[in-house]
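Note sheet for the following structure.
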Amino acid sequence: MSTSDTDFDQQGMMSPPRPDGLRPCILCGTLCKDTYKLRCRPCYDSTQNVVSVNFAIYFNTIEHPQKYVVRRWQIETDANGPQAYGLVVCDTLAEARATLVPALMRIVRHPEDDPSLIETWT
Ligand SMILES: [Zn+2]
């Protein structure tokens, strides 16, 4: 599958719903019949304080020049502001997108966003 920019609607689904009705867990990628806030049951049980999960893709940050970086942001009930978790460093945007589970929604960047932010998936 090609992952050039033109493959996506402005806020379109990265992939169509699966015909078998299974959905990937947003955190671990496990396919499951019933998801809870887009998470599989074990992930949901261990992250009940998590209100929402986003994945942000950055390019050319100070720490990683000329690289694409994927970072997971979570809104948590017991935290002050979004919390960042994990870091995946890739050479291309396609590689960065391939680290995300399918069926996320793409959010395009806003002019006031961090200049290194390419897009966010939620
Ligand atoms: Zn999971």
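The values are calculated or read from the model by the stated rules, or taken from the named source; none is laboratory data. Here the structure is a predicted model, which is why all the values come from computation and not from measurement. Neighbour counts are summed over all protein chains in view; Cβ atoms, including those assigned to glycine, are modelled from backbone coordinates with ideal geometry.
Spot the failing condition for residue 50; the list is (1) crowded, with 19+ Cβ neighbours inside 10 Å; (2) farther than 15 Å from residue 121 by Cβ; (3) modelled with pLDDT of 95 or more, and only one is missed.
Against the list (1) crowded, with 19+ Cβ neighbours inside 10 Å; (2) farther than 15 Å from residue 121 by Cβ; (3) modelled with pLDDT of 95 or more, residue 50 comes up short only on (3).
Has the range 103-115 got at least one residue that is outside any strand (DSSP E or B), under 14 Å from the mean Cα position of the chain (by Cα) and under 19 Å from residue 26 (Cβ atoms)?
yes
Search the range 18-30 for residues being loosely packed, with under 15 Cβ neighbours inside 10 Å and within 16 Å of the chain's Cα centre (by Cα), and hand back the single one that is nearest to the ligand (Cβ to nearest atom).
Filtering the range 18-30 for residues loosely packed, with under 15 Cβ neighbours inside 10 Å gives 18-22, 28-29.
After this cut, where a residue has to be within 16 Å of the chain's Cα centre (by Cα) as well, the list is 28-29.
Numbers: 28: 3, 29: 7 Å.
It comes out as 28.
Kindly provide the set of residues from the range 55-101 that are touching a residue at least 60 places away in the same chain (Cβ under 8 Å) and buried (at least 16 other Cβ atoms within 10 Å of the Cβ), ordered by number.
55, 56, 57, 58, 93, 97, 100, 101
Taking the condition of being in a loop (DSSP other than H, G, I, E, B) and within 15 Å of the ligand (Cβ to nearest atom), how many residues in the range 35-59 meet it? Don't jump to the end; show me each part of the working.
Within the range 35-59, the first condition is being in a loop (DSSP other than H, G, I, E, B), and the residues that meet it are 35, 37-38, 40, 47-49.
Then drop every residue that is not within 15 Å of the ligand (Cβ to nearest atom), which leaves 35, 37-38, 40, 47-48.
Residues flagged as in a loop (DSSP other than H, G, I, E, B) and within 15 Å of the ligand (Cβ to nearest atom) within the range 35-59 amount to 6.
Which count do you get for residues in the range 1-33 that are modelled with pLDDT under 85 and more than 29 Å from residue 118 (Cβ to Cβ)?
Qualifying residue count for the region: 2.
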